[in-house]
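Enquirer: Structure below; questions to follow.
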Amino acid sequence: MAGRRPGSRRRTLVLAVIAAVIVAFLAGGGVTWWVLGEEDDDVRDHVEVSGGELVADDSDDAYCDDDDIYSYNDCDTDPDETYEFSYRITNKGDGPANYSVVVNAFDEEGDFVGQTYVGTTHLAAGETDSDEGEFNEYSDFEGKSELSDIASVKVAHAERIALAN
């Protein structure tokens, strides 16, 4: 046994046991996560968008007063146009959550026109929130597209942020 230190074999055995315990712990954690982890749920399935129509509204009637002392014209002669659609968000998770949703608009040929955002906060598990979303004159449109080009809307992305309370 020339050249070997006493206890060298024991140290190697201890290090091997420690390494085996670490590997087993990490592998066990991965299996536990795989078995107990949530299903890979597409949050877009929690959101429905429907309908949609171009709405023209002359909302300046109540505020139109060009006979006042101010020099600017506060009467808008163009009607306010919006493309309105309905949306429903249902919390299919097991706790309260916030939702942030991207809705894309498309023309008759199915080409992308623009996008807008809708969402809800503190939605309890199993609850549904319904509201109206819209594209308006301030929306950012692709190329030379306009509100009147919108023919349909679709959920592009949805994010669910689980809450602790």
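Enquirer: Here is a list: 16, 97, 24. Which entry is of a type in the set (Gly, Ala, Ser), open to solvent by less than 90 Å² (accessible area, probe 1.4 Å), closer than 30 Å to residue 156 by Cα and at pLDDT 60 or above? Step through it out loud before you land on a result.
Expert: On the way: 16 fails: closer than 30 Å to residue 156 by Cα; 24 fails: closer than 30 Å to residue 156 by Cα.
The unique qualifying residue is 97.
Enquirer: While we're here: Pairs needed: first member in the stretch 108-124, under 20 Å from residue 95 (Cα atoms) and hydroxyl-bearing (Ser, Thr, Tyr); second member anywhere, part of a strand (DSSP E or B) and open to solvent by 50 Å² or more (accessible area, probe 1.4 Å); C-beta distance under 8 Å; at least 6 residues apart or different chains.
Expert: 120/131
Enquirer: Here is a check on your reading of the model: is residue 142 under 17 Å from residue 156 (Cα atoms), among the charged types (D, E, K, R) and surrounded by 13 or more Cβ atoms within 10 Å (Cβ to Cβ)? Don't jump to the end; show me each part of the working.
Expert: Numbers: under 17 Å from residue 156 (Cα atoms): yes; among the charged types (D, E, K, R): yes; surrounded by 13 or more Cβ atoms within 10 Å (Cβ to Cβ): yes.
Yes, satisfied.
Enquirer: Also, I was wondering about something else. Does residue 53 satisfy the condition of being outside any helix (DSSP H, G or I), open to solvent by 90 Å² or more (accessible area, probe 1.4 Å) and either under 30 Å from residue 143 (Cα atoms) or at pLDDT 80 or above (or both)? Show your work before the answer.
Expert: Working: outside any helix (DSSP H, G or I): yes; open to solvent by 90 Å² or more (accessible area, probe 1.4 Å): yes; either under 30 Å from residue 143 (Cα atoms) or at pLDDT 80 or above (or both): yes.
Taking the combined requirement at face value, the residue satisfies it.
Enquirer: Also: Provide a single number: the residues in the stretch 119-140 that are part of a loop (DSSP other than H, G, I, E, B) and either polar (S, T, N, Q) or at negative phi (or both). Break it down stepwise before answering.
Expert: Initial filter on the stretch 119-140 (part of a loop (DSSP other than H, G, I, E, B)): 124-127, 137-140.
The next check asks that each one be either polar (S, T, N, Q) or at negative phi (or both); those that pass are 124-125, 127, 137-140.
Looking only at that region, the number is 7.
Enquirer: Let me ask another. Taking the conditions exactly as written (more than 16 Å from the chain's Cα centre (by Cα) and either charged (D, E, K, R) or farther than 27 Å from residue 54 by Cα (or both)), does residue 131 satisfy them or not?
Expert: On the way: more than 16 Å from the chain's Cα centre (by Cα): no; either charged (D, E, K, R) or farther than 27 Å from residue 54 by Cα (or both): yes.
The answer is no for residue 131.
The values are calculated or read from the model by the stated rules, or taken from the named source; none is laboratory data. Note that the coordinates shown come from a computational prediction; the quantities given were computed from them, not determined experimentally. Reconstructed Cβ throughout: ideal geometry from the backbone, glycine too, with neighbour counts over all protein chains shown. Calculation scope for accessible area: heavy atoms of the full protein, side chains included, ligands and nucleic acids excluded. Shrake-Rupley method; radii C 1.70, N 1.55, O 1.52, S 1.80 Å.
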